[in-house]
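Colleague: Before I ask anything, let me first share the structure, which is written out below as structure tokens.
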Amino acid sequence: RPLSVDWVRPPRVEADGIFGSVRAWNSSTADLDLTLIVVAVNEYGKAFTLGYQRFLLARWNTTVEIPFGFTLPRGHYTAHVDAVGEVAPRNAIFRARRQLGPLRVD
């Protein structure tokens, strides 16, 4: 798998929001133009952005720990991290995803 993401600190409810951190790993032979987004989706299907990053991830490297978090309305949520890495000269796109839930914000 050329691109992977893992929770460093899995999403957890703190006070009135969801917080945590992730790390991405590029095991391909090319540098990736990486877009990483973390969202929390509630029971009604509404998504709230917890974090967003776009940067160059060098081949055979991992990111530093990327924190995320935001205060949210009350509800039940599933947290998702999605990473998309592009290698434009090769017309290649790699994807990785993780999710965790349910998480309840009171």
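Colleague: Given a Förster distance of 35 angstrom, what is the FRET efficiency for HIS76 paired with ASP33, based on the Cβ-Cβ distance and rounded to 0.05?
Modeller: 0.55
Colleague: May I pose another question? Put PHE70, PHE48 in order of accessible area, largest first, 1.4 Å probe: what do you get?
Modeller: PHE70, PHE48
Colleague: Convex hull over the Cα atoms of the chain, averaged projected area in nm²?
Modeller: Convex hull of Cα atoms, orientation-averaged projection: 6.3 nm².
Colleague: Another one. For region 1-52, just say rounded, prolate or oblate: build the C-alpha gyration tensor, square-root its eigenvalues into a ≥ b ≥ c, call rounded for a/c under 1.5, and beyond that prolate if a/b exceeds b/c, oblate if not.
Modeller: prolate
Colleague: Under a Cβ-only charge scheme (Lys and Arg +1, Asp and Glu -1), can you give me the dipole magnitude of the chain about the Cα centre, in debye to the nearest 20?
Modeller: 220 debye
Colleague: From largest accessible area down, sort ILE93, ILE37, ILE66; use a 1.4 Å probe on the protein chains.
Modeller: Largest accessible area first, the residues go ILE93, ILE37, ILE66.
Colleague: By the scheme Lys and Arg +1, Asp and Glu -1, what is the net charge of all other residues having a beta-carbon under 12 Å from that of ALA96?
Modeller: Counting the neighbours of ALA96, the net charge comes to +3.
Colleague: Among ASN91, GLY45, LEU56, flag the residue with its Cα farthest along the positive direction of the charge dipole of the chain, charges on Cβ as +1 for Lys/Arg and -1 for Asp/Glu.
Modeller: In the chain, that residue is ASN91.
The values are calculated or read from the model by the stated rules, or taken from the named source; none is laboratory data. Because the structure is a prediction, the values reported are computed rather than measured. Methodologically, a virtual Cβ is constructed for each residue, glycine included, from the backbone with ideal geometry; neighbour enumeration extends over all protein chains shown. Keep in mind that these areas ignore ligands, DNA and RNA; they rest on the heavy atoms of the full protein, side chains included. Shrake-Rupley method; radii C 1.70, N 1.55, O 1.52, S 1.80 Å.
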